[in-house]
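Here's the structure we're looking at; comments come further down.
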Amino acid sequence: MKIAFVGKGGSGKTTLSSLFVRHLAATKVPVVAVDADINQHLGAALGLDEAEAAALPAMGDRLPLIKEYLRGSNPRIASAETMIKTTPPGEGSRLLRVGEDNPVYDACARPVELDGGTVRLMVTGPFTDADLGVACYHSKTGAVELCLNHLVDGRGEYVVVDMTAGSDSFASGMFTRFDITFLVAEPTRKGVSVYRQYKEYARDFGVVLKVVGNKVQGQDDVDFLRAEVGDDLLVTVGHSDWVRAMEKGRPPRFELLEDANNSALRALRIAADATYELRDAERYMSQMVHFHLKNADAWGNARAGVDLAAQVDPGFVLGGGVTAPV
């Protein structure tokens with residue numbers, strides 16, 4: 001299952017995504033956690049100290065390796081240099097699987113030991129002073145999108161992505177790459193404004209969107225969120241002593257998380273698992289192609305110096321039974 005956490009800055013999406021990753025890890029299922037937020041706090045939220053978090057390999061710095069591996073023997077892609085973030089897989093492309101070992105994970109993923117198990121953590125890398133004036137953060141998150149485009153995942157396997165804040169997720173087609181998107185919203189007008197933007201942008205793409213109300217202090221907050229987002233409100237979360245201790249760098253054992261918050265995490269997993277039956281491989285592939293062609297026309301063809309529409313394999317459907325090379 002591919003799961004995104006989105007929301008405005010300060011909404012608590014990184015904290016909630018880290019709690020969800022811990023919840024999954026406690027049940028011993030395969031998990032890949034990805035920090036695609038410009039602020040890069042997921043590692044710390046999963047218990048890494050400052051030095052450990054800083055030492056995580058940045059996916060953005062390893063983009064040539066990622067492209068070369070995923071290209072495989074696909075005859076429609078002349079070279080890794082012509083691949084862009086939206087390049088779709090085709091016959092001969094190498095695909096990624098959650099539980100396998102491969103050169104992309106070797107280069108970009110690091111194991112993180114949690115109370116209940118181990119997860120793979122991948123990070124896009126921070127936006128540095130060297131990027132100012134010459135790059136946008138989407139050039140880094142492009143590595144995540146390319147990997148998601150080539151990912152084959154099954155029931156009981158999880159990829160959890162902490163996305164960049166606000167509506168920046170719509171700068172490419174990555175918002176359509178997920179089985180479910182959890183939008184973390186505070187019970188304020190600003191808190192639900194991102195929800196309205198996301199709902200509007202995602203309307204025509206079949207995006208499954210559920211709201212997680214955060215920092216909820218009472219029934220009035222619940223009523224406010226329900227009035228603003230309706231049935232999209234899945235669960236609400238309030239104050240947590242466990243989270244406060246975690247933010248101080250002294251997290252108790254995860255099994256001591258409050259019952260109400262454990263129940264909320266179980267509800268998130270139930271909602272995510274329920275979307276498995278909604279998967280439509282042909283629609284997923286057509287959306288991938290749609291955004292690839294759109295990006296190719298807008299900037300990709302000029303940058304690559306070739307017509308990137310030729311990269312589309314019309315007979316290929318990701319997850320449709322086509323076997324990738326070893």
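The values are calculated or read from the model by the stated rules, or taken from the named source; none is laboratory data. These figures come from a predicted structure and were not determined experimentally. Here Cβ is always computed from backbone atoms with ideal geometry, including for glycine, and neighbour counts include all displayed protein chains. These area figures cover heavy atoms from the full protein model, side chains too; ligands, DNA and RNA do not enter into them. Shrake-Rupley method; radii C 1.70, N 1.55, O 1.52, S 1.80 Å.
Being at pLDDT below 95 and either of a type in the set (Phe, Trp, Tyr) or within 22 Å of the chain's Cα centre (by Cα) (or both) holds for only one residue in Glu255, Glu277, and it is Glu277. Checking each residue in the range 315-326 for being modelled with pLDDT under 95 and out of contact with any Ser or Thr (no Cβ under 7 Å at 6 or more places or on another chain) picks out Gly315, Leu318, Gly319, Gly320, Gly321, Val322, Thr323, Val326.
Val161: over 26 Å from Ala296 (Cβ atoms) and either outside any strand (DSSP E or B) or modelled with pLDDT of 95 or more (or both), yes or no? It is false that Val161 is over 26 Å from Ala296 (Cβ atoms) and either outside any strand (DSSP E or B) or modelled with pLDDT of 95 or more (or both). Against the list (1) in contact with a strand residue (DSSP E or B) (Cβ under 7 Å, 6 or more places away or on another chain); (2) at pLDDT 95 or above, the condition Asp307 fails is (1). Looking at the range 139-154 only, could you name the residues that are surrounded by fewer than 18 Cβ atoms within 10 Å (Cβ to Cβ), farther than 16 Å from Gly90 by Cβ and in contact with a Gly (Cβ under 8 Å, 6 or more places away or on another chain)? Hit for the range 139-154 is Ser139, nothing else.
Annotation: of all residues in the range 306-315 being touching a residue at least 60 places away in the same chain (Cβ under 8 Å) and not in a helix (DSSP H, G or I), the one that is surrounded by the fewest Cβ atoms within 10 Å (Cβ to Cβ) is Gly315.
Which pairs have Cβ atoms under 8 Å, sit 6 or more apart or on different chains, and link a residue in the range 66-78 that is open to solvent by 80 Å² or more (accessible area, probe 1.4 Å) and at pLDDT 95 or above to one that is part of a loop (DSSP other than H, G, I, E, B) and of a type in the set (A, V, I, L, M)? Going by the 8 Å Cβ cut-off, the qualifying pairs are Arg76/Val312.
Considering the range 2-13, and only residues there that are modelled with pLDDT of 95 or more and not charged (D, E, K, R), the residue that is surrounded by the most Cβ atoms within 10 Å (Cβ to Cβ) turns out to be Phe5. Output the number of the condition that Thr87 fails; it satisfies all remaining conditions of (1) in contact with a Phe, Trp or Tyr (Cβ under 9 Å, 6 or more places away or on another chain); (2) under 16 Å from Leu148 (Cα atoms). Failed condition: (1).
Okay, residues lined up against (1) buried (at least 21 other Cβ atoms within 10 Å of the Cβ); (2) at pLDDT below 90:
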site	(1), (2)
Glu113	no, no
Gly116	no, yes
Arg120	no, no
Asp129	no, yes
Gly156	no, no
Phe178	yes, no
Thr188	no, no
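Sub-7 Å Cβ pairs linking a first residue in the range 40-63 that is modelled with pLDDT under 95 to a second residue that is open to solvent by 40 Å² or more (accessible area, probe 1.4 Å) and assigned to a loop (DSSP other than H, G, I, E, B), at least 6 apart or interchain, are Gln40/Pro126; Gly47/Pro251, ordered by first then second residue. For the range 222-244, a residue qualifies if it is more than 23 Å from Ser18 (Cα to Cα), surrounded by fewer than 19 Cβ atoms within 10 Å (Cβ to Cβ) and among the charged types (D, E, K, R), and the qualifying residues are Asp223, Arg226, Asp231.
Among the listed residues Glu258, Glu277, Glu200, identify the single one that is within 22 Å of Lys13 (Cα to Cα) and without any contact (Cβ under 8 Å) to a residue 12 or more places away in the chain. None of the other options fit; the residue is Glu200. Checked against (1) of a type in the set (Gly, Ala, Ser); (2) farther than 17 Å from Asn261 by Cβ; (3) not in a loop (DSSP other than H, G, I, E, B), Ala25 passes all but condition (2). Taken over the range 168-193, the criterion of being in contact with a helix residue (DSSP H, G or I) (Cβ under 6 Å, 6 or more places away or on another chain) and over 24 Å from His150 (Cα atoms) is satisfied by Leu183, Val184, Ala185, Pro187, Val192.
Only one of the numbered conditions (1) more than 19 Å from Val212 (Cα to Cα); (2) crowded, with 21+ Cβ neighbours inside 10 Å; (3) of a type in the set (Asp, Glu) is not met by Asp37, and that is (1).
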